[in-house]
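The values are calculated or read from the model by the stated rules, or taken from the named source; none is laboratory data. Keep in mind it's a predicted model, so treat the numbers as computed, not measured. Please note: Cβ atoms are built from the backbone with ideal geometry, for glycine as well, and neighbour counts cover all protein chains shown. Note: accessible area is taken over every heavy atom of the protein model, side chains too, but ligands, DNA and RNA are not part of it. Shrake-Rupley method; radii C 1.70, N 1.55, O 1.52, S 1.80 Å.
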Amino acid sequence: MRQVKLGDREFRHALGCFATGVTVISALGPRGEFLGNTVNSFTSVSLDPPMILWCMGRHALSLKSYLSIDQFVVNILGAHQIELSNRFAKAGGDKWEGVPHEFWDSGCPVLKGVSAAFECKTSHTHVGGDHVIFVGEVQKAAFDPLVAPLVFHGGRYCRITPEPLPESGKTG
């Protein structure tokens, strides 16, 4: 491992050593418009009550919209959804055109075909440097363990190759 003077580029490269899942945060904006942004800063916070968090850059065009609403969905993308990740990572345009989705109790759009989805109510927001941290209490969740997750590592998408499960309880 090599040590480097920590600048923006070096910090990004060091962070890139941590593999993350890829999510799309979706919601209905204050005027009823569909919001959707690719986010990889997502993690669990608490099991009781069930809570998660995600972060959005303070420069993001849709930040004010997310701050003005109190519900959102975290869609954990599957390995087959790279195109959706790229689509929702871009600013402007109609990101939702032709994207299969459904609606749950909150009325927020939920992407179809994802590995998991969490419908949340915003519990807290905090400023953290150049980002805003959204903490949400999970109201509803669904998952499909057969959908392999989309992973980002070292500045690119990766696939997970599971290790075989160890044999247990068998004697020779």
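Observations
- Loop-located GluC sites (Glu not before Pro) in region 64-172 (DSSP state not H, G, I, E or B) with no more than 11 neighbouring Cβ atoms inside 10 Å: GLU97, GLU167.
- Helix-derived mean residue ellipticity, 222 nm - over the chain, DSSP H n ≥ 4, -39500 (n - 2.57), to 500: -3000 deg cm²/dmol
- For the chain, the solvent-accessible area with a 1.4 angstrom probe is 65 square angstrom per residue.
- Our summary of shape: the Cα atoms of region 1-79 have principal axis extents of 49, 31, 26 Å, ordered from largest down, in whole angstrom.
- Measuring between alpha carbons in the structure, the pairs from LYS64/LYS121; LYS112/LYS140; LYS5/LYS64 lying more than 26 angstrom apart are LYS5/LYS64.
- q = 0.22, 0.30 Å⁻¹, region 73-116: log10 I(q)/I(0) [Debye, one scatterer per Cα]: -0.80, -1.27
- With a Förster radius of 45 Å applied to the beta-carbon distance between LYS121 and MET1, the computed FRET efficiency rounds to 0.60.
- The trypsin sites (Lys or Arg not before Pro) of region 108-152 that meet both conditions, a loop assignment by DSSP and at most 12 other Cβ atoms within 10 Å of the site Cβ, are LYS112.
- Carbon plus sulfur fraction of accessible area for region 60-172, probe 1.4 Å, in percent: 56
- Only Cα sites of the chain enter the Debye sum here, all with the same form factor; the resulting log10 I(q)/I(0) across q = 0.17, 0.18, 0.19 1/Å is -1.11, -1.22, -1.34, listed in q order.
- Measure of compaction for region 113-161 (Cα Rg per 2.2 N^0.38 Å): 1.51
- Radius of gyration, Dmax [region 64-158; alpha carbons; angstrom]: 14.2, 37
- Sorted on the mean count of surrounding Cβ atoms within 10 Å across their residues, most packed first, peptides 145-151, 75-81, 57-63, 12-18 read 75-81, 145-151, 57-63, 12-18.
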